[in-house]
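The values are calculated or read from the model by the stated rules, or taken from the named source; none is laboratory data. Treat the numbers as computed from the prediction; the structure is a model and nothing was measured. Here the Cβ positions follow ideal geometry from the backbone for every residue, glycine too, while neighbour counts run over all protein chains shown. Keep in mind that these areas ignore ligands, DNA and RNA; they rest on the heavy atoms of the full protein, side chains included. Shrake-Rupley method; radii C 1.70, N 1.55, O 1.52, S 1.80 Å.
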Amino acid sequence: MTDEGFERENGGLTSMESIESRWVFQGEDDLDIDSGDRDTVDGDDDSTTCNGMELESDDEDNVEQKLIRTGPRIDSFDVEALEVPGVQKNDFEDVSMGRAILLAFQTLGVVFGDVGTSPLYTFSVMFSKAPVNGNEDVLGALSLVLYTLILVPLVKYVLIVVWANDDGEGGTFALYSLLCRHAKVNLLPNQLRSDARISSFRLKVPSPELERSLKIKERLEASLTLKKLLLMLVLVGTSMVIADGVVTPAMSVMSAVGGLKVGLSGVKQDQVVMISVACLVVLFSVQKYGTSKVGLVVGPALFIWFCSLGGIGVYNLIKYDSHVWRAFNPVHIYYYFKRNSTKAWYSLGGCLLCATGSEAMFADLCYFSVRSVQLTFMFLVLPCLLLGYLGQAAYLMENHADTTQAFFSSVPSGAFWPVFLIANIAALIASRAMTTATFSCIKQSTALGCFPRLKIVHTSRKFMGQIYIPVMNWFLLALSLVLVCSISSIYEIGNAYAIAELGVMMMTTILVTIVMLLIWQINILIVLSFIIIFLGLELTFFSSVLWSVGDGSWIILVFAVVLFLIMYIWNYGSKLKYETEVKQKMSMDLLRELGPNLGTIRAPGIGLLYNELAKGIPAIFGHFLTTLPAVHSMIIFVCIKYVPVPVVPQNERFLFRRVCPRSYHIFRCIARYGYKDARKENHHTFEQLLIESLEKFIRREAQERSLESDGDCSDSEEEYSFSRVLVAPNGSVYSLGIPLLADFRDTGKAVMEESTSEELKPGTSSESLVSEAEQSLEKELSFIRKAKESGVVYLLGHGDIRARKNSWFIKKLIINYFYAFLRKNSRRGTANLSVPHSHLVQGEFLDVPVLELGRFGFWCSCIMDSPTCFVGLRVGLL
């Protein structure tokens with residue numbers, strides 16, 4: 001069956017790879033031993049085009065050209081990615097009912113603390129903007145709160161947004177990762193086609209029938225402006241999440257401690273501030289004990305709090321005015337705005353506080369499951385919140401003067417102190433809700449190259465998504481203390497709270513809309529309804545809080561802007577640094593000219609040269625060759641690469657390829673990690689896994705060579721009319737019209753002589769060929785084992801970039817000072833390797849001009865310092 005017929009029979013093969021089938025010359029993939037190491041960026045080959053057909057620029061004179069039809073390009077990098085027994089599942093999929101109930105209980109202490117304590121301050125902030133002049137004002141304000149609570153947390157987040165998770169991960173960066181997998185919108189040019197064959201990608205690429213989705217995908221991939229705009233939206237949302245993590249503790253704790261002024265008439269505001277500071281210090285000090293541990297401890301406390309909230313609401317409804325149920329009629333919202341006009345509009349910022357913590361339900365999905373979050377919110381949290389607000393409104397119907405502390409004033413006198421105690425415990429727990437969400441967002445943004453590297457502590461052995469970041473923990477504490485001490489009024493803090501919450505809500509709405517169009521591919525009317533209703537609602541709220549930004553809430557905006565600049569500068573500098581390393585990489589021709597010994601002494605052992613290049617030979621390798629007296633008998637270029645998936649299965653971790661002919665013993669390895677993966681393995685474990693994967697790759701390579709040699713005995717027509725089909729775990733179908741390891745077929749005579757020490761003679765029997773192949777395989781495996789026994793040394797290259805003198809001032813400022821400062825103070829890659837100094841060789845690049853290319857001069861100095869060798873390299877501009 002031909003490839004075209006096979007595709008028609010399978011419905012067009014609507015996977016990403018199916019549309020990449022092409023007509024090529026036989027030998028196009030045979031031109032270079034490591035075709036991925038040519039000067040390529042983002043999968044685009046350095047090639048010339050003739051009549052719609054690609055011709056490689058290297059060694060093309062040596063190629064015997066024959067036009068054949070191929071499927072998607074499958075090379076040696078993709079061999080291991082195709083042999084996956086099953087699809088990676090989320091930690092929380094297919095959990096038992098008992099486990100789901102336990103997770104639901106834990107979510108009370110981690111996810112719902114923020115939204116659960118909103119009754120402490122919502123009415124107080126609302127009525128500070130629009131004072132109560134009658135019962136209609138209370139009903140109107142209650143109606144606003146009820147419908148905000150139903151529309152935003154319930155309909156938007158619990159019923160819609162949580163389903164836009166990235167294999168269990170939530171938050172703005174999880175949405176961005178999801179979009180990066182379905183469209184090439186990532187600005188960092190280190191993507192490989194093999195990344196799309198990780199089982200956890202689970203691609204559902206737009207099918208040809210859905211023209212709208214295809215057009216959106218093509219438009220996003222073709223427009224650099226749209227890619228930058230999308231990244232900026234994500235960074236704005238993330239900065240607002242972190243800002244939310246600052247203002248949430250300040251607001252929750254101060255509003256709870258403020259109840260002392262109701263119970264004890266002599267308590268002043270200054271005393272409330274001092275007690276709040278002490279509570280915040282205790283709160284952030286216990287953060288290091290982890291989410292699951294703290295969640296199990298505080299889960300019962302939050303359960304008691306929600307039950308108390310519902311109980312007090314029922315008590316007030318019975319005692320005061322049960323007619324507040326009329327607030328479910330939205331006409332009271334109209335009367336509220338008609339009576340209060342501008343003041344009612346000002347009070348919208350306070351109304352939104354009832355929905356604070358909604359983003360935490362989405363961002364904290366990495367800690368829990370969608371089912372547990374939905375179950376807890378709909379059957380416990382929402383009913384108790386509704387009863388709590390209805391009870392407060394019933395009390396205020398007869399006590400208009402008690403709006404400054406509406407919640408504590410409505411508590412029955414006999415239950416005041418127990419409720420005060422549990423309210424303060426709940427407030428402390430609520431302060432952790434956005435803190436845990438902040439840790440999750442920072443982990444995701446770091447893995448995707450948008451935040452400086454920080455120390456991350458995994459607090460759970462069972463669930464790797466539960467993390468703690470010490471630096472950010474104390475940073476959030478310091479800023480929360482500054483906010484509490486500088487803005488002592490909960491009304492002003494409430495306005496800042498609303499700004500941070502609305503910022504991330506609007507970004508989430510926009511990103512989920514793109515997910516609906518590109519990935520879910522649902523009816524356009526549903527998409528329009530979603531964005532019009534929710535974005536329109538959020539913009540209305542946002543216009544209200546911005547009007548009061550001069551009251552002191554501007555501090556949170558300044559903080560969010562600073563965070564945005566840090567993330568954008570880091571991403572911008574990292575992108576320029578990677579592009580510069582790509583342009584300065586070594587030529588394959590140079591290595592071939594040097595020969596198998598590389599122009600130096602090959603000492604026994606394995607050298608793992610760490611670099612950021614997914615393709616090409618890093619420039620630092622050339623300087624190691626010129627500055628070190630010897631190099632190892634086996635060199636492996638190791639690239640630690642984060643791909644836009646939560647988790648990469650262990651059996652898909654390493655991808656290998658030969659960089660040079662076999663006698664060079666040089667390989668490339670890409671170690672792929674998801675942004676949720678924990679790199680906990682020590683260097684011994686990492687080395688063992690890497691060597692085992694390398695041996696597996698070499699055996700598979702020998703097996704494919706054997707298949708190719710069998711195919712050589714047949715007629716050439718039969719060889720190319722036969723089509724092999726592979727089905728990957730993600731459902732993609734690959735039609736192979738050329739041998740799987742065609743990269744390694746040496747069509748050029750010169751390359752053949754370098755690659756093999758023995759020459760095949762005409763008339764050699766197939767048995768002899770098999771025997772020689774087996775001997776060659778065992779010889780190479782034995783070589784690897786001996787090199788491993790001689791020791792493994794880590795070769796690390798560090799790069800530093802500088803702008804040229806004639807660059808724009810703003811570029812010099814960003815690259816030479818801001819980005820350099822961030823790199824200097826971020827966590828070095830060596831800290832994650834746990835490599836002893838006796839196994840470490842480091843090299844540094846300094847002063848690399850990247851913003852404008854010119855001629856470069858090189859000079860270097862080598863300082864030998866036992867047991868570690870440091871190689872310092874300075875690259876200057878001529």
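Just a few scattered comments:
- If the condition is being free of Cβ contacts under 8 Å to residues at least 12 places away in the same chain and crowded, with 19+ Cβ neighbours inside 10 Å, then region 121-157 contributes no residue at all.
- Criterion applied to Ala401, Ala406, Ala393 was being closer than 24 Å to Pro131 by Cβ and either polar (S, T, N, Q) or without any contact (Cβ under 8 Å) to a residue 12 or more places away in the chain (or both), and the one residue passing it is Ala401.
- Within region 113-144, the set of residues being at pLDDT below 85 and not acidic (Asp, Glu) comprises just one member, Gly113.
- Of the helices (runs of 4 or more DSSP H) lying entirely inside region 446-565, those containing at least 3 residues that are closer than 23 Å to Val152 by Cα and open to solvent by less than 50 Å² (accessible area, probe 1.4 Å) span 490-515, 524-547.
- Within region 218-230, the set of residues being of a type outside the set (S, T, N, Q) and surrounded by fewer than 21 Cβ atoms within 10 Å (Cβ to Cβ) comprises Glu218, Arg219, Leu220, Glu221, Ala222, Leu224, Leu226, Lys227, Lys228, Leu229.
- Pair list, Cβ under 9 Å, 6 or more apart: region 173-192 residue under 19 Å from Val582 (Cα atoms) and open to solvent by less than 20 Å² (accessible area, probe 1.4 Å), other residue of a type in the set (A, V, I, L, M, F, W, C) and at pLDDT below 80: Pro189/Val41
- Filter result (basic (Lys, Arg) and either part of a strand (DSSP E or B) or more than 15 Å from Val638 (Cβ to Cβ) (or both)) within region 595-615: Arg602
- Considering only residues in region 671-703 that are among the hydroxyl-bearing types (Ser, Thr, Tyr) and farther than 19 Å from Lys455 by Cβ, the one that is surrounded by the fewest Cβ atoms within 10 Å (Cβ to Cβ) turns out to be Thr685.
- Hits in region 273-303 - residues which are modelled with pLDDT under 80, of a type in the set (Ser, Thr, Tyr) and open to solvent by less than 30 Å² (accessible area, probe 1.4 Å): Thr291, Ser292
- Restricting attention to region 373-394, the residues that are within 24 Å of the chain's Cα centre (by Cα) and surrounded by 24 or more Cβ atoms within 10 Å (Cβ to Cβ) total 1.
- Meets criteria (aromatic (Phe, Trp, Tyr) and under 28 Å from the mean Cα position of the chain (by Cα)) for Tyr664: no
- Index of the failed condition, Leu525 passing every other in (1) without any contact (Cβ under 8 Å) to a residue 12 or more places away in the chain; (2) farther than 18 Å from Arg212 by Cα; (3) hydrophobic (A, V, I, L, M, F, W, C): (2)
- Scanning region 341-356 for residues that are touching a helix residue (DSSP H, G or I) at 6+ places or on another chain (Cβ under 7 Å) and more than 17 Å from Leu537 (Cβ to Cβ) turns up just one, Lys343.
- For Phe667: the one exception among (1) open to solvent by 10 Å² or more (accessible area, probe 1.4 Å); (2) modelled with pLDDT of 80 or more: (1)
- Among (1) open to solvent by 30 Å² or more (accessible area, probe 1.4 Å); (2) in contact (Cβ under 8 Å) with a residue 24 or more places away in the chain; (3) assigned to a helix (DSSP H, G or I) - the single one Val419 does not satisfy: (1)
- Selection count, region 319-347, where residues are under 43 Å from the mean Cα position of the chain (by Cα), hydrophobic (A, V, I, L, M, F, W, C) and open to solvent by 10 Å² or more (accessible area, probe 1.4 Å): 4
- Residue match in region 569-587 (condition: modelled with pLDDT under 90 and over 32 Å from the mean Cα position of the chain (by Cα)): yes
- Residue check for His665: in contact with a helix residue (DSSP H, G or I) (Cβ under 8 Å, 6 or more places away or on another chain), within 20 Å of Gly605 (Cβ to Cβ) and of a type outside the set (Gly, Ala, Ser): yes
- Check on Gly414, in contact with a Phe, Trp or Tyr (Cβ under 8 Å, 6 or more places away or on another chain) and either within 23 Å of Val645 (Cβ to Cβ) or not aliphatic (A, V, I, L, M) (or both): no
- Residue among Ser440, Ser409, Ser431 that alone is in a helix (DSSP H, G or I), in contact with a helix residue (DSSP H, G or I) (Cβ under 7 Å, 6 or more places away or on another chain), of a type outside the set (Asp, Glu) and surrounded by fewer than 24 Cβ atoms within 10 Å (Cβ to Cβ): Ser409
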